[in-house]
Every structure is written in C-alpha cells, then in structure tokens.
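Here's the structure, in structure tokens; my notes come after.
The values are calculated or read from the model by the stated rules, or taken from the named source; none is laboratory data. Owing to the predicted nature of the structure, the values given are computational and were not obtained by experimental measurement. Note that we place each Cβ from the backbone using ideal geometry, even for glycine, and neighbour counts take in every protein chain shown.
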Amino acid sequence: MAESADRVVTPFSFHCPTRLHFGSGVAARAGALLAAEGFGSVLLVTGTGHTVRSRGYAALKESLEAAGISWDEFPAVTADPGDGLVREAAALATAGGRSALVAYGGGSPIDCAKSAALMAADGTDILEYLHGRAFPAGGALPVVAIPTTAGTGSEMSSAAVTTDTAARRKLGFSHECLFPRLAIVDPELHLDMPPPITAATGMDALTHVIESFLSLGANPASDAINLHSAARIMRFLEAAWRDGSDLAARSEMACASALAGAAFSQTGLGMVHGFAHPVGARLGIAHGLANAVILPYVLAALARDAAPRMATLATALGLATPSDAPADAARKLVLGIAGLKSRLGMPASLGMLGVGAGEAPAILSDAIAYRARPRSPRAFTDGELSLLLDSALSGDLDAAFRA
C-alpha cells in the first residue's frame, strides 16, 4: 500500500562541495593539503590584529614553504570587511597570478577572501554582485578556509557578507562558486580565543543552526545537521567559554560551527540576521554579539507560528521534554536561550549595547529588505517587525511574544 501523502518526504537538494579536513593538529598539514590540490602560488588573507602575529599563522607560512608553495599576504582585513578591502585583495591576487586565496582567521577574512576570489575571477566589481546587477558566469578563484573561531561557518558555506561602505549596509551574496575548495578546521587554533569572542562566535553558530532549522527551506539533511549541532553547542559552549584550554569543548564547537555552514547554505537564515546585519553595519557591533542579543526576541515572536518545530529544538537542546505541549516547549526554548546568553555575560537588549531609538528607522528599513525574509516561518508584516525591534531595543521579552 502506498504511504499516506502526509508522510512523503518533500523533494529537496543538498549540495556542499567543500572538502572538510577536521581534527586537532590538522593545520600542520596545510601545505601538503594545498599542494595536493595543485595550488603552487597563493594569497594569504588575514586580519590586522592578533591573528597575523599568532603562532598558528607563522606555522601556516612555514607549512606552505615546506610544500614548495609561494605566497603573498594581505594582512589588512578588519571586522565586517568593506568593498574597498575586497577590491584591494582582488587586485593583489590578480597582480600576483595567484592560483588560490587562503583565508586564515574568523569570518571576516574568510568572507573577504571569498568576495575577492569572485571579483578577481572576472574583474566585475563586488558591489555589482551584492546589488543584483551581475551574476557569476565563470565562477571564482578557489578559496581555502582555515578558521580560528567557531561561529561563522563560512568555511563550509556558499555565502559571503561584504559591507557596502557608502550605504552602511552589510550585504550577503550566495552562490555555489563561493563554497571553499577546502576547509581546514583545527580546534587547536581556537585555544587562544578570549571568553568574550568565544561567547559571541558560539552564539553566532547557535543562531545559524536554530534559524536554519526553523527556515521554510529546511529539509531532512539540514535537520539532521542542525539538531545534532544545536545539542552540541548547548552542551559545550559554556565549557569552552569557562576554560579556553578545554580541547574537547573546542573540538565540539569547531565541528558544530563548520557543519552549520553546510546546512544553512541549503536553507537560508532568518530575521535574527535580518536585524543583526544593519546593527553591525551602522554601529560596528560584532556580528555574533548582535545575533546573541536579538535571538531570543525573534524566537519569542516566532513562537505563535513555529511552536511545533521550536518544541523539537527545545527537546534536542534539553530544555523541554516530548510530553510538553508545543507552545510550552517553545516558550522554554526562548527562556533557555535567554538564560544561556545571560550566563555568558552578554547584554539583555540592544539598548544595553548602545543602540538608540534614533537608529531604529534605519535598522528597520534594512531588515525589511533582508533577502532571506521570505523563508521566515512567520510572514511578519512590516509593522510586526517594528514591534519586534522595539522589544529588542528595550529588553521587553514579553512584548516580543505579543509582537
């Protein structure tokens, strides 16, 4: 007998061509791994701060030299890299005839390298892609991502975010050519992350798996990744935050973050990111921190329409039981995430981050136009999004449940 229609799996596709090399100490093999891909000349893309002076970065250069790979470097990436930085990196890659870009650091160097690799491939300005006036025809130069934080998932995703500096807007662009060729994820590189960065990047990863699971684009493959990763983050983030030398906790967080990138590339994200991007672009607030503050408010506003899926998440995170009514479990999820954020020493509201009411109209205008808004499990009206933003600014979680 044919299975009933309500039990038939909805058709879906899942595509993640990035080869992941994961494990403690795997970064020491970076030169050999790149040589095996045929990369003889690369551009290193990294940040301006601690990362460029780190032992791990020095070891990476030594590994490349031992493998006979020549390199130049672009150690100029700042948080939320703008279009100007992307142009500089692309020009350097092109002038040197580099066969690949190697991004070392957090999400900013990885995203900058991706955008520069796309621009360098055909000379089209990055803003043309970001504003939908151009579309990749011939792909991008290969990117190798070596993350030093556990949060963005960019090492395994098809997305890159670049700030349009003139417009003060963070804009994402997704295309399969932006999947890195290799992701070299070594949790030993994460041991030096200070607690505030551990907390912010970890909450970024948690936001990814939650929004991906609740997305209207979710599918069985992404669900499996997201439920597993959410449970690991909930269990190990605090441990990594309390003791940065806990390699087991660092490993769990690094793995969950990387897998989350593969999942959200299939599903898209949600309105937490819709608000977090303009908060970061306009006020310079770190992306993971913005996500962490906004996440409980968006979840509270979703509880009305997404309670069954939220209940599944709450159970996976150990915040509810299967016997709880969906509405009760959804509320427990919201309060559990808010509690985790508080235990990590993070602010309760956007107002506590210094976001004033005067910034609200510009933040709201940007959020309304967020490209992944149609995948939200609740079809928010503009007015409802305004109420939601007000609640996040004031710290009124009950108002978000009513938004």
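Residues in the stretch 333-377 that are of a type in the set (Val, Ile, Thr) and within 24 Å of residue 239 (Cα to Cα): 334, 337.
Annotation: of all residues in the stretch 145-174 being over 15 Å from the mean Cα position of the chain (by Cα) and in a loop (DSSP other than H, G, I, E, B), the one that is surrounded by the fewest Cβ atoms within 10 Å (Cβ to Cβ) is 166. Among the residues of the stretch 364-385, the ones that are in contact with a helix residue (DSSP H, G or I) (Cβ under 7 Å, 6 or more places away or on another chain) and over 16 Å from residue 302 (Cβ atoms) come to 4 in all.
Checked against the criterion of being in contact with a helix residue (DSSP H, G or I) (Cβ under 9 Å, 6 or more places away or on another chain), of a type in the set (D, E, K, R), under 18 Å from residue 111 (Cβ atoms) and assigned by TED's automatic domain parsing to the domain that holds residue 280, the candidates 164, 204 yield just one match: 204. Mind checking whether some residue in the stretch 239-257 is in a helix (DSSP H, G or I), within 27 Å of residue 9 (Cβ to Cβ) and in contact with a Leu (Cβ under 9 Å, 6 or more places away or on another chain)? Scanning the stretch 239-257, I find at least one residue that is in a helix (DSSP H, G or I), within 27 Å of residue 9 (Cβ to Cβ) and in contact with a Leu (Cβ under 9 Å, 6 or more places away or on another chain), so the answer is yes.
Conditions (1) in contact with a Leu (Cβ under 7 Å, 6 or more places away or on another chain); (2) under 17 Å from residue 277 (Cα atoms), marked per residue:
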{"position": "300", "(1), (2)": "yes, no"}
{"position": "312", "(1), (2)": "no, no"}
{"position": "328", "(1), (2)": "no, no"}
{"position": "331", "(1), (2)": "no, no"}
{"position": "335", "(1), (2)": "no, no"}
{"position": "344", "(1), (2)": "no, no"}
{"position": "370", "(1), (2)": "no, yes"}
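Are any residues in the stretch 287-306 over 15 Å from residue 397 (Cβ atoms) and either surrounded by fewer than 19 Cβ atoms within 10 Å (Cβ to Cβ) or touching a His at 6+ places or on another chain (Cβ under 6 Å) (or both), and if so, which ones? 305 - this is the single residue of the stretch 287-306 that is over 15 Å from residue 397 (Cβ atoms) and either surrounded by fewer than 19 Cβ atoms within 10 Å (Cβ to Cβ) or touching a His at 6+ places or on another chain (Cβ under 6 Å) (or both). If you go through the stretch 321-368 and keep only what is in contact (Cβ under 8 Å) with a residue 24 or more places away in the chain, within 17 Å of residue 394 (Cβ to Cβ) and either outside the structural domain of residue 209 (by TED's automatic domain parsing) or part of a helix (DSSP H, G or I) (or both), you end up with 334, 338, 341, 351, 352, 353, 357, 359, 360, 363, 364, 367. Candidates 6, 80: the one that is at pLDDT below 95 and at positive phi is 80. If you go through the stretch 365-374 and keep only what is of a type outside the set (Gly, Ala, Ser) and crowded, with 19+ Cβ neighbours inside 10 Å, you end up with 366, 370. Checked against the criterion of being farther than 30 Å from residue 177 by Cβ and in contact with an Asp or Glu (Cβ under 7 Å, 6 or more places away or on another chain), the candidates 311, 292 yield just one match: 311. Looking at the structure I just gave you, is residue 325 loosely packed, with under 15 Cβ neighbours inside 10 Å, at pLDDT 95 or above and farther than 26 Å from residue 171 by Cβ? In short, yes.
Scanning the stretch 124-142 turns up at least one residue that is free of Cβ contacts under 8 Å to residues at least 24 places away in the same chain and part of a helix (DSSP H, G or I). Of the residues in the stretch 27-50, at least one is without any contact (Cβ under 8 Å) to a residue 12 or more places away in the chain and within 26 Å of residue 251 (Cβ to Cβ). Residues that are basic (Lys, Arg) and farther than 21 Å from residue 21 by Cα were ranked within the stretch 229-263; the one that is surrounded by the most Cβ atoms within 10 Å (Cβ to Cβ) is 235.
Of the candidates 33, 20, 44, the single residue that is surrounded by 15 or more Cβ atoms within 10 Å (Cβ to Cβ), within 30 Å of residue 164 (Cβ to Cβ) and aliphatic (A, V, I, L, M) is 44.
In the set 103, 89, 59, only one residue is surrounded by 24 or more Cβ atoms within 10 Å (Cβ to Cβ) and outside any strand (DSSP E or B); that residue is 89.
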